[in-house]
Amino acid sequence: MHMCGIMGYVGPKQAAEVLLGGLKRLEYRGYDSAGIALEDEGSIYLRRKAGALRVLEEVLAESPPPPSHIGIGHTRWATHGGVSDRNAHPHTDCKGENAIVHNGIIENADELRAELLNAGHVLRSETDSELVAHLLETGPADLRVRLSEVARRCEGAYALLVMDVHQPDRLVAVRRTSPIAIGATENEAYVASGAIALAPWLSECIYLDDGEIADIRPGKIEVFRLEDLEPIAKTLHPIEGDGELPDAGEHGTFYRKELMEQPIAWRRVMAGRLDDVGQVNLRDDGIDQEFLRSVERIVFLAMGSSLHACQMAVERLAEVVHLPAQAELASEFRDTRTFLEPGTLAIAVSQSGETIDTLAALRHARDLGAKVLSLVNAPASTIARESDYVLDLRAGFEISVASTKAFTTQVIALELLTAALAQARACPLPPTDLHALRAVPTVAEDFLAAFHLPKELIETCAQAPGVIFLGRGQDLSLAREGSLKLKELSYVWSEAFAAGELKHGPLALVDQRVPVIVCVTDPRHAVKLRSSLAEATARGAYGVAVGSKLGATLQVTLPLKERIGAYLLGALPLQLLAVEVAEARGCPIDQPRNLAKSVTVE
Ligand code: F6R
């Protein structure tokens, strides 16, 4: 159904309060409706509302829910069936005895729906999720056994959390691809689709892996293999954060806060990995010299901004380490029939560590025989758990749906990896590059404090039918990132092109209303990019150059010239442009329409 929040509770507290508290912590991921189900003296109390969680809270404040010690809650991001109260979760069966919440998509829903309708069930929503509640109406009395039978019949990727009013001391959860975290205290238990939702009450939790089903009772969590219900021992993982919800403070939005705090995140990702004499050491991350020397080829797997960071790394690896590398869109790679040569290292890059396409591509690479290294901002995430090596991005919790600090810390982590590969193979980076890397946080702080984009550019972009970004080499990935940020935040149509392509078609789009933004943080391409810009400005375009001087209408000069330093600094004006155009157009900043933070649906 959607990729958003699941929350469940059983224990002495008032379940409704815990559910709303947990759902609130998952809100940042983006959703369009919310609901809760509670056990109420042998029947199910259900409240669901389209819109923000606030709308549901208002309804509950007006007519308070019954006291209850068990319940499930949900924030939905619609896929099957429009945004409506009726399609919001939880869903119940015909008799109102089972309630379910679901993340993911049930791929054989049409077949299951036909079967249920044939058997006389009355379906009240357009969702695939509701089918699960009806399938639970028949079968063994024991909820765990019954859900295991239903889950085995559902194809696709999902996480399900269910309750049965006749068994009011337990919740049952099952996972196939979509994440589930579970934790307990002595006399209660909590379940959520992300550990962040559990942080106010717990300091550690377990994560279900694919094909596992959990029986959740106060103080007791048991996990079994879905296949044969054999018990499985699980490892407890610490939950990060102190339970306090982060606050955007003076920045007003998390996007701006995270953008401005990038220098802090950059220092963190380098700490202990890059020393004062320019030596890179990833031994504490379990990455040793022998491993670094054994890599013969690299395949990067990622989506969105994370893919752009990989595209930058491909340029750097080719230049510095002479190592063949390719960056693959994970959603495409997962279905290819390609083969991977021996010695290939697959590197999965993902802020959330839960992106389903990246996870599926990682599994595909593994099946093809590759070792997997992942770069994630969530070291206990599924992608990290399924990798041979993990580099933690340490960017800190990223709340804004549009990525800023995770993207730039990915660029730095990949540069550190490039440097480590270079040093292990005796083909060191130019020392100035590492110097620039060390200097970049401080330089960026000064840059951000002084930098302003002219109003004229913001207004031109806000009214433009489209904005074109251009680059070559490493700057093509930066152009793509700038374009993605702008379209996500401001909904202004925009596209990035390799500058060489311009004359082969895209130039037809250019007139005086279409700004053309040229990324030129690698000065070797300045001459050619100057010509591309001139071709656009000759047709009336508002030209912007970020990096080397190109004779643009607006020149953004960057205070570091080394390629990695300039690239990181070059990302900042592009991130600022996106938010300022979005603000000028009155768009919501932290949760752009139709988008979600962690994309766990294919
Ligand atoms: C863009 C953005 C997305 C993500 C993409 C991958 O601002 O945030 O494009 O980069 O959905 O997400 P992760 O990195 O979590 O795998």
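The values are calculated or read from the model by the stated rules, or taken from the named source; none is laboratory data. These numbers were taken from a predicted model, which means no experiment stands behind them. Virtual Cβ from ideal backbone geometry, glycine too; neighbours counted across all protein chains shown.
For first residues located in segment 493-509 and in the same structural domain as Gln474 (by TED's automatic domain parsing), partners that are acidic (Asp, Glu) and lie 6+ apart or on another chain with Cβ distances below 8 Å form the pairs Leu502/Glu535; Lys503/Glu535; Pro506/Glu495; Leu507/Glu535. Just one of the listed residues (Val122, Val132) is loosely packed, with under 14 Cβ neighbours inside 10 Å and not small (Gly, Ala, Ser), and it is Val122.
Of all residue pairs spaced 6 or more apart or on separate chains, those with beta-carbon atoms under 6 Å, a first member in segment 548-562 that is modelled with pLDDT of 95 or more and a second member that is part of a strand (DSSP E or B) and buried (at least 16 other Cβ atoms within 10 Å of the Cβ) are Ser548/Val520; Leu554/Val544; Gln555/Ala545; Val556/Val546; Leu558/Gly547. Checked against (1) within 25 Å of Tyr567 (Cα to Cα); (2) away from the ligand (no atom under 15 Å from the Cβ); (3) of a type outside the set (Phe, Trp, Tyr), Thr338 passes all but condition (1).
Please indicate, with yes or no, whether at least one residue in segment 517-538 is at positive phi and over 29 Å from the mean Cα position of the chain (by Cα). No - not one qualifying residue is present in segment 517-538.
Among the residues of segment 352-385, those identified as within 14 Å of the ligand (Cβ to nearest atom), in a loop (DSSP other than H, G, I, E, B) and out of contact with any His (no Cβ under 9 Å at 6 or more places or on another chain) are Ser352, Gly353, Glu354, Thr355, Asn377, Ala378, Ser381.
Selection within segment 201-227: residues that are more than 22 Å from the chain's Cα centre (by Cα) and in a loop (DSSP other than H, G, I, E, B). The member of this set that is surrounded by the most Cβ atoms within 10 Å (Cβ to Cβ) is Leu202. On the given criteria, is Val401 over 13 Å from the mean Cα position of the chain (by Cα) and either surrounded by 23 or more Cβ atoms within 10 Å (Cβ to Cβ) or within 12 Å of the ligand (Cβ to nearest atom) (or both)? No: the conditions fail for Val401. Among residues belonging to segment 565-602 that are more than 21 Å from the chain's Cα centre (by Cα) and in a loop (DSSP other than H, G, I, E, B), point out the one that is farthest from the ligand (Cβ to nearest atom). Filtering first and then ranking leaves Gly586. The listed residues are Asp475, Asp433, Asp446, and the only one of them that is assigned to a helix (DSSP H, G or I) and modelled with pLDDT under 95 turns out to be Asp433. Apart from one condition, Pro238 fits all of (1) away from the ligand (no atom under 16 Å from the Cβ); (2) at pLDDT 95 or above; (3) touching a strand residue (DSSP E or B) at 6+ places or on another chain (Cβ under 9 Å); (4) not β-branched (Val, Ile, Thr); the exception is (2). Has segment 308-330 got any residue that is within 16 Å of the ligand (Cβ to nearest atom) and surrounded by fewer than 18 Cβ atoms within 10 Å (Cβ to Cβ)? Among the residues of segment 308-330, at least one is within 16 Å of the ligand (Cβ to nearest atom) and surrounded by fewer than 18 Cβ atoms within 10 Å (Cβ to Cβ), which makes the answer yes. Screening Ala444, Ala439, Ala536 for residues that are of a type in the set (Gly, Ala, Ser) and outside the structural domain of Trp266 (by TED's automatic domain parsing) leaves exactly one candidate, Ala536. Among the residues of segment 40-47, is there at least one that is assigned by TED's automatic domain parsing to the domain that holds Leu202, buried (at least 23 other Cβ atoms within 10 Å of the Cβ), acidic (Asp, Glu) and within 17 Å of Met163 (Cα to Cα)? No, the conditions are met nowhere in segment 40-47.
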